[in-house]
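Only one structure is covered here, and it is reproduced in the block below.
The values are calculated or read from the model by the stated rules, or taken from the named source; none is laboratory data. All values reported here derive from a predicted model rather than from experimental measurement. With ideal geometry, Cβ positions are generated from the backbone for all residues, glycine too; neighbour counts draw on all protein chains shown. These accessible areas exclude ligands, DNA and RNA; they are computed on the full protein's heavy atoms, side chains included. Shrake-Rupley method; radii C 1.70, N 1.55, O 1.52, S 1.80 Å.
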Amino acid sequence: MNGILIKNALIINEGKRFIGSVIINGEKIERIVAGRDAVNRIEEEEYRTFDADGLWLVPGCIDDQVHFREPGLTYKADIATESKAAVAGGVTSFMDMPNTKPQTTTLEALKWKYDRATETSAANYAFYLGATNDNTDELRKADYNKICGVKVFMGSSTGNMLVDNKETLKRIFSEVPAIIAVHAEKEEIIRRNREYYTARFGENLPVMFHPLIRSAEACYASSAEAAELATKYGARLHILHLSTEREVSLLGNAPLSEKRITGEVCVHHLYFDDNDYARYGNRIKWNPAIKCYSDRVALVNAVNDGKIDIVATDHAPHLLSEKEGTCLTAASGGPLVQHSLSVMTELAMKGVFSMETVVEKMAHSPALLFGVEKRGFVREGYYADLVLLNPNKPYTVTRENILSKCGWSPFEGHKFPCSVVTTIINGTVVYDNGSFNTSFRGKPLTFKR
């Protein structure tokens, strides 16, 4: 057989939907044919054929923010396990964060990650180089055609990745020739809030205090500072995991190609609000915190009106034992990459978003924003990173089908109305109806800037 034929799918791509077929030869899409039964039988016999009648075909998701925990934290996640979870969820490419052990703040540490992913990753991959108060020279030496960007923790972090030196921030925003992706929360405000609430109610604070301590004010103050620096020095700023209505005011709704300041929202900030803490507890404890209903509505609206550019996960696994404790002691973060497309598809089927918007924010826009070469679209000549969805096959999350190494999900027991059926990466069927091609390895993403 010469390649793969996906026939009679509902193709959702670039703001349109139509019934058609896709022919894949090698790693790339050779031909897209509109119309039902448009590929003749002689051709059909030459290919491994997927009858996709009744299924949706979309480009694979590109998740621009994950924490796969390798090296140093592999007791709860690693590149192999988390990339497998990603593939099962329709995520074909990921961009991994630098707060590992050791931290990815040198080119040597970055090379180790790329080498490791070459050996173990089931999806395509890229890695951020992390900024510190004293590694600006290292940032300047990087090849940003091969690296997705620089991650800056502004205002709040752990260890030496908190960048709070004003001269360092000036150098980063004026000298780094790449996307500067920021985690923006103001540590001074968080500290002040913590002292206030513990003085009033003691140290044993439940998780409902989390969004009061890591408040909307803390997020906006730090995001606004980042936007001010980017504007002053002409930097290319990407604000990660927006969580408040007020932060949306920092973004415009110009075409993506014209923006110098862009924003990402994560699926948990679109799906949950502070009313859900009573049910889910620490399982939905993230930094930045999930905040109030009006914030969630504003974020949904900002996705729909073009102010927010990317929907991602901030996939950050911890063991369940690490999620135990008080608002002050339980770990922040959780696994999401296996279910992010399912979350967004559910919201689309409820009318919150259109599927065209889901595809735009999870595939098209990440590819365009980061300059990912020949991915993120169903286009002839592009890599065949494709996902088949069955909108008529509900999927219930159980402990047995969770693939993240940490072994739990905030969606455990939830029934999604749509299933990921097949995931194709670089022209290879990597996941199909619960079975994996375990010998497949993804490729490093390359960037055209």
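Hey, how many Å between the Cα centroid of segment 111-168 and the Cα centroid of segment 289-333? If we compute the Cα centre of each part, the gap is 22 Å. What angle, in degrees between 0 and 90 and rounded to the nearest 10, separates the Cα long axis of helix 216-233 from the longest principal axis of the Cα atoms of the chain? Value to nearest ten degrees: 80. Helical content of the chain, expressed as a calculated mean residue ellipticity at 222 nm, amounts to -8000 deg cm²/dmol (DSSP H runs of 4 or more residues, -39,500 (n - 2.57) each, divided by residue number, nearest 500). Restricting attention to the chain, close to 50% of DSSP beta bridges with both partner residues there are antiparallel.
The separation of segment 345-410 from segment 245-287, counted between C-alpha centres, amounts to 18 Å.
Model label points for GLU322 and ASP134, set 7 angstrom from Cα along the Cα-to-Cβ axis, are 2.7 nm apart.
Were the residues from ARG200 through ARG246 laid out at 0.36 nm apart, the gain over their Cα-Cα distance would be 13.8 nm. Here ASP53 and ARG279 are evaluated by their C-beta separation; at R0 = 35 Å the FRET efficiency comes out at 0.35.
Placing pseudo-labels 7 Å out from each Cα toward the beta carbon at THR231 and LYS374 gives an inter-label distance of 4.0 nm. Full extension of the segment from ARG192 to ARG260, taken as 0.36 nm per residue of separation minus the current Cα-Cα distance, would add 21.3 nm. Taking P(r) over Cα pairs in 10 Å bins from 0, in percent as calculated from this structure, the corresponding entry among (i) 4, 16, 21, 18, 14, 11, 8, 5, 3, 1, 0; (ii) 4, 18, 24, 24, 19, 10, 2, 0; (iii) 4, 22, 33, 26, 11, 3, 1, 0 is (iii). For the chain, the longest principal axis of the C-alpha atoms and the axis of helix 107-120 are separated by about 40°. The C-alpha atoms of the chain define a longest principal axis, and helix 166-175 lies at about 30 degrees to it. Listed peptides 323-331, 311-319 appear in the order 311-319, 323-331 once ranked by packing, highest mean of other Cβ atoms within 10 Å at the front.
The antiparallel fraction among DSSP beta bridges confined to segment 1-64 stands at about 70%. Normalised per residue, the accessible area of the chain is 38 Å², obtained with a 1.4 Å probe and no contribution from ligands, DNA or RNA.
Within the accessible surface of the chain, defined with a 1.4 Å probe on protein heavy atoms only, the carbon and sulfur portion equals 48 percent. You can think of it this way: the chain between GLU44 and SER174 has 41.3 nm of extra reach, that is 0.36 nm per residue less the Cα-Cα gap. Tell me, what is the FRET efficiency for ASP164 and HIS414 to the nearest 0.05, using R0 = 35 angstrom and their Cβ-Cβ distance as r? Computed FRET efficiency for ASP164 and HIS414: 0.35.
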